[in-house]
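The values are calculated or read from the model by the stated rules, or taken from the named source; none is laboratory data. In this text, all values refer to a predicted model and were calculated from it rather than measured experimentally. Quick reminder, even Gly has a Cβ in these numbers, built from the backbone with ideal geometry, and neighbours come from all protein chains shown. Heads up: the accessible areas ignore ligands, DNA and RNA and are worked out on the full protein's heavy atoms, side chains in. Shrake-Rupley method; radii C 1.70, N 1.55, O 1.52, S 1.80 Å.
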Amino acid sequence: AAGEPAAQGDAEQVVPAEAFAESPESAGLAPEVDDLGDAAPAYDEDMREAVHRVMRERRDIRNGFRSDPIPHEVLIRVLEAAHTAPSVGYSQPWDFVVIRSAKTRARMHELAERQRDVYAESLPKGRAKQFKELKIEAIRETPVNIVVTADRTRGGRHTLGRHTQPQMAPYSAALAVENLWLAARAEGLGVGWVSFFDEEELVRELGLPEHLEVVAYLCVGYVNEFPDEPELAQAGWAKKRPLSWVVHEETYGRRALPGEEPHSVLQETLRGIRPLDAKALGEAWDRQKRMTKPAGSLGMLEIISAQLCGLSRKCPPPIPEPACVAIFAGDHGVHAQGVTPWPQEVTAQMVGNFLAGGAVINSFASQLGAEVCVVDVGVASELPPAIDSGRTTGLLPRKVRPGTADMTQGPAMSREEAMRALEVGIETARDLVAAGNKALVTGDMGIANTTAAAALISVFTGEDPAAVTGRGTGIDDETHARKVAVIRQALDLHRPDPSDPIGVLAAVGGLEHAAIAGFLLGAASLRTPVILDGVIAGSAALVAKAIAPEVLAACIAGHRSAEPGHKAALAKLGLRPLIDLDLRLGEGTGALLALPLVQSAARAMHDVATFDSAGVTEKH
Ligand SMILES: Cc1cc2nc3c(=O)[nH]c(=O)nc-3n(C[C@H](O)[C@H](O)[C@H](O)COP(=O)(O)O)c2cc1C
């Protein structure tokens with residue numbers, strides 16, 4: 001791929017090899033080899049395997065419990081294991097309330113059901129459908145329920161280690177839960193953790209002393225079987241994250257498993273990007289021909305469904321639901337050049353509006369059953385908190401810097417910042433796909449971001465700035481002329497080289513453009529379809545394509561915006577937009593409107609009968 005070496009070389013600049021040249025030994029961190037003596041013996045292989053096996057085969061169980069009673073000696077062994085857990089300052093802050101009464105369990109079930117309804121109500125429709133099928137507790141089906149509590153006051157004022165981190169008491173109790181869970185597995189007992197409780201209600205109902213907090217409500221009983229993987233993974237609710245995503249060497253962000261060379265998230269992502277699978281594509285075309293409809297009669301939707309097959313390597317493809325719109329928000333130093341009549345603080349204000357559910361994107365998302373999240377990759381001003389009263393608000397705070405610099409005066413950002421913003425996008429795609437989303441939708445918010453988009457499009461298409469610069473949020477002739485001149489000035493200053501996409505982003509890009517480029521690369525590496533919104537996404541797709549051309553395997557152009565640059569970008573990308581309604585709002589609105597088309601294309605592959613199966617005679 002033309003762009004790959006440049007991008008990878010760049011990644012290496014961010015993680016300089018010299019940083020790892022000094023080994024711990026040469027840095028004087030490891031003792032002399034001669035002085036070590038014998039280490040404590042490890043377990044033998046069978047024992048070690050037994051330990052790992054119990055961790056691997058521990059499952060959260062909600063289905064298939066049996067009513068067999070649990071012998072007292074078995075339950076004592078399990079509770080003893082829990083009581084052996086590590087605890088802050090050896091405070092052993094837990095208590096275990098063993099509940100057997102059918103009446104109490106019925107009441108607890110009622111409480112959990114109520115909270116289940118509250119949660120279901122809060123879900124986007126695409127998720128709620130999935131949630132309806134899930135069992136989330138087995139309170140009445142299990143002979144024993146165990147409430148695990150934590151006492152933050154146990155041991156008095158001076159508990160060692162709790163002084164600076166008071167939350168260590170409930171953490172310790174959570175470790176007791178894990179011990180209990182593992183020991184139960186070894187006994188053939190299933191455990192299901194239920195957290196669908198209003199805690200105060202639970203404390204009141206169970207008559208617990210007020211100084212205790214409930215850490216866990218566990219349903220325990222013998223089971224018919226232990227599933228091989230988490231029930232939520234089996235149901236497609238969430239996916240396992242690979243170990244390589246979560247291990248950092250020395251400093252956060254330097255990914256490497258022990259013994260590996262540190263690599264950037266971008267490098268790892270590029271390794272996962274592949275073209276559409278030829279076999280699944282072939283099956284898709286074949287199936288299209290056999291479906292009970294004239295060949296080709298679904299037009300563009302047939303192309304989309306074949307793409308979904310090739311991308312997922314499955315025919316029929318997974319239905320792209322649930323879906324999530326990620327709105328990448330950032331500010332722009334070039335705003336100072338008077339390229340828009342809107343004040344810069346509108347970016348932050350609109351982020352507040354998205355989070356409060358008051359924007360057009362929220363309205364469309366609620367109609368179409370999608371989730372909306374906002375990624376702050378570079379908003380200049382203060383934003384509302386990401387966690388409010390203990391609850392997530394939908395904001396992902398990933399600020400690389402508070403707005404770019406003015407591209408007419410110098411680079412918009414450093415290469416390192418461009419890389420970091422790109423990786424924010426990759427990691428957002430990872431998070432959303434691991435959380436169970438089967439389609440991603442790009443969105444953006446950034447006053448003055450069409451200026452950066454036009455500059456990027458001019459670089460990658462070779463078009464003159466005047467041909468690709470639009471009126472954004474609606475500017476007059478004078479402002480438009482200034483906008484074109486500003487872009488020309490920036491391009492003259494930097495002379496960006498399209499074969500160095502990170503360099504182009506750094507010179508004239510925006511933080512949200514970089515992040516969206518990463519988002520597309522991330523989606524492609526996870527073989528998940530991503531629907532592109534308007535001109536910002538189009539410009540970001542040009543960057544992504546310059547880094548890894550196969551990224552387009554995952555990309556679907558949702559709509560064509562009224563911005564002239566978008567048309568040029570789509571032409572260069574070779575993407576045909578699904579809808580063309582003169583939208584020029586951004587936020588992800590156009591892309592989201594295309595979501596049901598993409599979902600319908602996949603659905604038809606599943607549902608529509610074939611000539612042979614339906615006994616319909618084919619055309620001669
Ligand atoms: C703190 C905590 C709370 C949980 N609460 C619930 C719950 O309310 N309902 C439920 O069905 N599962 C609950 N679970 C179980 C998780 O869904 C489960 O651990 C996860 O899907 C991984 O599956 P596994 O435990 O089988 O590996 C909880 C797990 C933990 C650790």
- [ ] Find the all-direction average of the projected area of the Cα convex hull for region 320-598, expressing the result in square nanometres with one decimal place.
- [x] 12.4
Task: Sorted peptide list for 407-416, 429-438, 275-284, criterion being average Cβ within 10 angstrom, highest first - done: 429-438, 407-416, 275-284
Task: Contact order relative to length of region 320-598, as percent, for alpha carbon pairs under 8 angstrom and 6 or more apart - done: 24
- [ ] Only bridges with both residues in the chain count here: give the DSSP antiparallel percent, nearest 5.
- [x] 50
Task: Fraction of alpha-carbon pairs over 15 Å apart in region 263-347 - percent - done: 72
TODO: Could you grab the relative contact order for the chain? Cα pairs under 8 Å, six or more apart, rounded to a whole percent.
DONE: 16
Task: Apportionment of accessible area to carbon and sulfur, the chain, percent (1.4 Å) - done: 52
Open item on the list: Within 9 Å, Cβ to Cβ, of residue 221, how many net charges do the neighbouring residues add up to if Lys/Arg are +1 and Asp/Glu are -1?
Closed with: -1
Task: Solvent-accessible area per residue for the chain (1.4 angstrom probe, square angstrom) - done: 46
Task: Within-13-Å neighbourhood charge of residue 312 [Cβ basis; K, R +1; D, E -1] - done: +4
Task: Alpha-carbon gyration tensor eigenvalues x 5, square-rooted, for region 110-158, Å - done: 32, 17, 8
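Would you work out the charge dipole size for the chain about its Cα centre, treating the Cβ of every Lys and Arg as +1 and the Cβ of every Asp and Glu as -1, and quote it to the nearest 20 debye? Write out the running numbers ahead of the final one.
On the way: 62 positive and 82 negative charges, 449 e Å.
Result for the chain is approximately 2160 debye, rounded to the nearest 20.
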- [ ] State the Kirkwood hydrodynamic radius of the chain in Å, one decimal place, computed from all pairs of distinct Cα atoms.
- [x] 27.3
TODO: Evaluate the charge dipole of region 54-236 about its Cα centre and quote only its size in Debye, nearest 20, assuming +1 on the Cβ of each Lys and Arg and -1 on the Cβ of each Asp and Glu.
DONE: 120
- [ ] Taking 7 Å along the Cα-to-C-beta vector as the label spot, tell me the residue 102-residue 286 distance in nanometres, rounded to one decimal.
- [x] 5.6
- [ ] Express in whole angstrom the spacing between the alpha-carbon centres of region 279-296 and region 305-371.
- [x] 32
Open item on the list: Can you give me the long-range amide H partners of residue 579? Hydrogens built in the peptide plane at 1.01 Å from N, cutoff under 5 Å, separation of 5 or more residues or another chain.
Closed with: 559, 560
Task: Charge context of residue 368, other residues only, Cβ under 10 angstrom, K/R +1, D/E -1 - done: 0
TODO: Provide the convex hull volume over Cα atoms per residue for region 388-499, in Å³.
DONE: 155
- [ ] May I ask which residue of 617, 548, 597 lies farthest towards the positive end of the charge dipole of region 478-620, with charges of +1 (Lys, Arg) and -1 (Asp, Glu) on Cβ and the Cα centre as origin?
- [x] 548
Open item on the list: Please list, short to long, the whole-number percent of alpha-carbon pairs of region 478-620 in consecutive 5 angstrom bins beginning at zero.
Closed with: 2, 9, 16, 18, 17, 12, 8, 6, 4, 2, 2, 2, 1, 0
Task: At 0.692 mPa s and 37 °C, Stokes D of region 54-236 from Kirkwood alpha-carbon radius, µm² per second - done: 190
TODO: Estimate the FRET efficiency between residue 131 and residue 47 by the formula 1/(1 + (r/R0)^6), using the beta-carbon distance for r and 35 Å for R0, to the nearest 0.05.
DONE: 0.30
Open item on the list: Nothing charged except the Cβ atoms of Lys and Arg (+1) and of Asp and Glu (-1): what's the magnitude of the dipole of region 287-377 about its Cα centre? Round to the nearest 20 debye.
Closed with: 900
Task: Value at 222 nm in deg cm²/dmol, rounded to 500, when DSSP H runs of n ≥ 4 in the chain each add -39,500 (n - 2.57) - done: -13500 deg cm²/dmol
Task: Subset of 129/438; 103/132; 135/314; 314/572; 129/399 violating a 23 Å alpha-carbon distance limit - done: 103/132; 135/314; 314/572; 129/399
TODO: Could you list, by residue number, the cysteines of the chain that have no other cysteine's beta carbon within less than 4.7 Å of their beta carbon?
DONE: 219, 324, 373, 555
